[in-house]
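Peer 1: Here it is, the structure in full.
The values are calculated or read from the model by the stated rules, or taken from the named source; none is laboratory data. Since we're looking at a predicted model, the values are computed, not measured. Reconstructed Cβ throughout: ideal geometry from the backbone, glycine too, with neighbour counts over all protein chains shown.
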Amino acid sequence: MSESDVIDYEIENNEAKMGIISTKNLSKIYNPDTIPVHALRNVNLDFEVGEFTTVKGPSGSGKTTLLNMIGGLDKPTEGSVEIDGIQITGMKESKLIDFRLQNIGFVFQSYNLIPVFTAYENVSFIMLLQKRPKKEMEMRAKELLEAVGLKDKYHSRPKELSGGEQQRVAVARALASQPKFILADEPTANLDTKSAMNLLDMMEKMNREENVTFIFSSHDQRVIDRAKRVITMVDGAIESDETR
Amino acid sequence: MYLKLAWRNIWRNKRRTLITVSSIMFAVVCALFIESLERGGHNQMINNMTNFHTGHIQIQDERYEEEPSLDNSIEYDSSFSERILEIDDRIYNVVPRIESFMLAAGEEQSRPAMVLGIDPEAENRLNELKNRIVAGRFFEPGDGSVVMGEGLASRLNVAVGDSLVLLGQGRFGMTASGIYEISGLFRHPLREFNNQIVYLSIPDAQWLFSMEGMITNILITPDQLKYNDPIAENLERALSDENLNILTWNEMIPELIDAIEFDRMSTRVFMGILYVVIGFGIFGTILMMTLERLREFGILLSVGMYRWKLAVIVFIETFFISILGIISGFALGLVVLSYFYFNPIQLTGDMLEMLEEMGFEPTLPMAIAPDIFMWQGSVIFVMSIIICLYPTVKIATMDILEASRS
Ligand SMILES: Nc1ncnc2c1ncn2[C@@H]1O[C@H](COP(=O)(O)OP(=O)(O)OP(=O)(O)O)[C@@H](O)[C@H]1O
Ligand SMILES: [Mg+2]
């Protein structure tokens, strides 16, 4: 880092609004040495707390890659990701894990849960990782499961739950850590219409009532229809970014 | 909750856990069995050698080891035995002997024989010779009769009640010859002994070899094997100025000890191969487990678990499985070994002939010793720990997204 970079960094830091994710010239090239795949091309996006956003686009357009970058699960080839003015690109892994634990919740497409834990344990485990007091952990896990409509399934294991119920447990788990952002990669991909609608209703309600931020990737029209902001990607680049 | 995670994962795929546990168990039982059988066989060889041939400790004239001849005998009477017993109270038995080679002849045939002048009581305490009599009876000291190996008797075509002629050289080149009645035949499972030995009493042997008041060696048995060397040292000290030589069994049968050592080496090699085969089997199941759970590992890492914590948990899982395998292997091994210890394997048919040819007995005794368990247990333990490190290393180095792609 040169001296001017440091100054820039500090200025940005001061200017940074709390609760903002921004990507700067984000590019990702897979297999740069063999058959290079440009999964992301120079992406510049800002996400704010309280958003309910869907990233859409055809298969292979880079949606998953983008979400992984934002969540710090993958490293960009160029550019950077900042959350609240803190650059997570290039952060040491153990620090990044802590950072993710406090700031970002994940809901993946499927098989999200720890198979040997019950719904209740899956939700409380993440709070255990955050070292929260036991009392609070128990109360919050129960509250959240109730909120996602699984009051009578506390002690069911994932394999005893339907796909929709599993996704709802995953959402409850993502909420448990009280993150600023919840990243959900195709959360409805494996769900029938009724379950998908239920899940979306629930997430919408959380967004409305508790200002929880959701960023989805999806090519599911049901999800796109509900979004307040729709970002369209084509071939790794942002084609459009509309707020309704 | 971490332990809960580990514990439930162990029992998540019960079949795989059972396969892993039982392959480790099988390895342990196999290793214990082979090692015990081998140890038992070696102990038996050594016992045969010491009980029938050399004794555990031997006192000889100082020239006898160089030149095992009747000329290098020692003076002996029963007071000498008592004196030896007084030197160390851990001595169980003192067995005087005269040993020589002669020609033994029946009416038609003659054969070389190992002729042993013995004290029947002391000898019997050493090797239960009297229980091995299969025809006739044991002689009384000085009654001019002999007991011989059944094999030698049939080669000479003689039976109980027949006469046996012994021809050879006595002390200082005197001619030694005598004719004896055969009072009994003994059977020893080792051909070496069965086909060679003729026993007669010490007074008769002294007369035959013209060596009144002399014997060639004294065999000494300790109360317990572990007292052997201390007793030898005490004897050495107490008898230091009597021109005697004190030898322990391992000094007397170096060839056998070398052979046993060689045998052990080849068993080690075989066991090494067995370990590798079983090790790969266990590695296979662990590898499968790891690959199946990559996605789960990825999720745990992405929701905020540290790699080292996850690695420790998975290590505990696999470690527990190994321990379970080893403990159950010990338990089953102990049962199997005890069974064969009390009911030794009896060989029959071709196998028997082959082994007898090689100088083995038809029963295969087992040895049960704690150090076998310790040694085999730790080898397999270390092996499984190394195998169990695989998932740990995988977790430490894996890419969080690796599993979601596959
Ligand atoms: N690990 C990887 N190695 C090589 N290429 C990759 C890798 N991951 C993704 N890609 C490629 O990068 C591009 C973008 O992939 P990405 O998974 O982000 O698309 P997507 O928009 O999520 O698609 P879908 O809708 O099918 O999930 C694709 O062409 C894909 O083949
Ligand atoms: Mg995708």
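Peer 1: Here are the criteria: (1) of a type in the set (Val, Ile, Thr); (2) more than 16 Å from ligand 1 (Cβ to nearest atom); (3) modelled with pLDDT under 90. Tell me which single one residue A:169 does not satisfy.
Peer 2: Here residue A:169 meets the rest and fails (3).
Peer 1: Filter the range B:197-233 for residues that are surrounded by fewer than 19 Cβ atoms within 10 Å (Cβ to Cβ) and acidic (Asp, Glu); which is nearest to residue B:100 (Cα to Cα)?
Peer 2: Going through the qualifying residues, I end up with B:212.
Peer 1: State whether the residues of the range B:7-22 include one that is in a loop (DSSP other than H, G, I, E, B), within 14 Å of chain A (Cβ to nearest Cβ) and among the polar types (S, T, N, Q). Show your work before the answer.
Peer 2: Restricting attention to the range B:7-22, the residues satisfying the condition of being in a loop (DSSP other than H, G, I, E, B) are B:11-13.
Right, trim to within 14 Å of chain A (Cβ to nearest Cβ) and you get B:11-13.
After this cut, where a residue has to be among the polar types (S, T, N, Q) as well, the list is B:13.
Yes, the range B:7-22 has at least one match.
Peer 1: Of B:80, B:33, B:26, which residue is out of contact with any helix residue (DSSP H, G or I) (no Cβ under 9 Å at 6 or more places or on another chain), among the aromatic types (Phe, Trp, Tyr) and either farther than 30 Å from residue B:327 by Cβ or not in a strand (DSSP E or B) (or both)? Walk me through how you get there before you give the answer.
Peer 2: Details: B:33 fails: out of contact with any helix residue (DSSP H, G or I) (no Cβ under 9 Å at 6 or more places or on another chain); B:26 fails: out of contact with any helix residue (DSSP H, G or I) (no Cβ under 9 Å at 6 or more places or on another chain).
Answer to the selection: B:80.
Peer 1: When you look at residue A:83, is it in contact (Cβ under 8 Å) with a residue 24 or more places away in the chain, more than 16 Å from ligand 2 (Cβ to nearest atom), under 21 Å from residue A:20 (Cβ atoms) and within 11 Å of another protein chain (Cβ to nearest Cβ), yes or no?
Peer 2: Working: in contact (Cβ under 8 Å) with a residue 24 or more places away in the chain: yes; more than 16 Å from ligand 2 (Cβ to nearest atom): yes; under 21 Å from residue A:20 (Cβ atoms): yes; within 11 Å of another protein chain (Cβ to nearest Cβ): no.
Taking the combined requirement at face value, the residue does not satisfy it.
Peer 1: May I pose another question? Provide a single number: the residues in the range A:108-153 that are touching a strand residue (DSSP E or B) at 6+ places or on another chain (Cβ under 9 Å) and either farther than 23 Å from residue B:11 by Cα or within 16 Å of ligand 2 (Cβ to nearest atom) (or both). Can you show your working first?
Peer 2: Going through the range A:108-153, the residues touching a strand residue (DSSP E or B) at 6+ places or on another chain (Cβ under 9 Å) turn out to be A:108-109, A:112, A:126.
Pick out the ones that are also either farther than 23 Å from residue B:11 by Cα or within 16 Å of ligand 2 (Cβ to nearest atom) (or both) and you get A:108-109, A:112.
Counting residues in the range A:108-153 that are touching a strand residue (DSSP E or B) at 6+ places or on another chain (Cβ under 9 Å) and either farther than 23 Å from residue B:11 by Cα or within 16 Å of ligand 2 (Cβ to nearest atom) (or both) gives 3.
Peer 1: Could you list all residues from the range A:41-79 that are charged (D, E, K, R) and either near ligand 1 (Cβ under 8 Å from one of its atoms) or within 13 Å of another protein chain (Cβ to nearest Cβ) (or both)? Working first, answer last.
Peer 2: Of all residues in the range A:41-79, those charged (D, E, K, R) come to A:41, A:46, A:48, A:51, A:56, A:63, A:74-75, A:78.
Answer for the range A:41-79, where residues must be charged (D, E, K, R) and either near ligand 1 (Cβ under 8 Å from one of its atoms) or within 13 Å of another protein chain (Cβ to nearest Cβ) (or both): A:63, A:74, A:75.
Peer 1: Follow-up. Of everything in the range B:64-87, what is without any contact (Cβ under 8 Å) to a residue 40 or more places away in the chain and within 27 Å of residue B:175 (Cβ to Cβ)? Give them in sequence order.
Peer 2: B:66, B:67, B:69, listed by residue number.
Peer 1: Could you tell me how many of the residues in the range A:46-63 are within 14 Å of the chain's Cα centre (by Cα), within 16 Å of ligand 2 (Cβ to nearest atom) and either closer than 19 Å to residue A:86 by Cβ or not in a strand (DSSP E or B) (or both)?
Peer 2: Residues that pass the stated criteria total 1.
Peer 1: Can you tell me how many residues in the range A:92-151 are away from every other protein chain (no Cβ under 11 Å), assigned to a loop (DSSP other than H, G, I, E, B) and either surrounded by 16 or more Cβ atoms within 10 Å (Cβ to Cβ) or within 16 Å of ligand 1 (Cβ to nearest atom) (or both)?
Peer 2: 4
Peer 1: Let me ask another. Could you figure out which of (1) within 29 Å of residue A:204 (Cβ to Cβ); (2) surrounded by fewer than 22 Cβ atoms within 10 Å (Cβ to Cβ); (3) at pLDDT 90 or above; (4) within 18 Å of the chain's Cα centre (by Cα) isn't true of residue A:84?
Peer 2: (3)
Peer 1: Kindly indicate whether residue B:366 is outside any helix (DSSP H, G or I) and modelled with pLDDT of 85 or more. Please lay out each step first, then the result.
Peer 2: Working: outside any helix (DSSP H, G or I): yes; modelled with pLDDT of 85 or more: no.
For residue B:366, the condition - outside any helix (DSSP H, G or I) and modelled with pLDDT of 85 or more - is not met.
Peer 1: Which of the residues belonging to the range B:227-250 are polar (S, T, N, Q) and closer than 24 Å to residue B:47 by Cβ?
Peer 2: B:228, B:234, B:245, B:248, B:250, listed by residue number.
Peer 1: I'd like to know if the range B:304-312 contains one or more residues that are under 19 Å from residue B:5 (Cβ atoms), within 14 Å of another protein chain (Cβ to nearest Cβ), among the aromatic types (Phe, Trp, Tyr) and part of a helix (DSSP H, G or I).
Peer 2: Yes; the residues of the range B:304-312 include at least one that is under 19 Å from residue B:5 (Cβ atoms), within 14 Å of another protein chain (Cβ to nearest Cβ), among the aromatic types (Phe, Trp, Tyr) and part of a helix (DSSP H, G or I).
Here's the yes/no breakdown for (1) surrounded by 17 or more Cβ atoms within 10 Å (Cβ to Cβ); (2) without any contact (Cβ under 8 Å) to a residue 12 or more places away in the chain; (3) of a type in the set (Phe, Trp, Tyr):
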| position | (1), (2), (3) |
| --- | --- |
| B:282 | yes, no, no |
| B:298 | yes, no, no |
| B:317 | yes, no, no |
| B:332 | no, no, no |
| B:335 | no, yes, no |
| B:363 | no, no, no |
| B:375 | no, no, yes |
| B:384 | yes, no, no |
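Peer 1: Which one of the conditions (1) within 16 Å of ligand 1 (Cβ to nearest atom); (2) exposed (fewer than 15 other Cβ atoms within 10 Å of the Cβ) does residue A:211 fail to meet, given that it meets all the rest?
Peer 2: Failing condition for residue A:211: (1).
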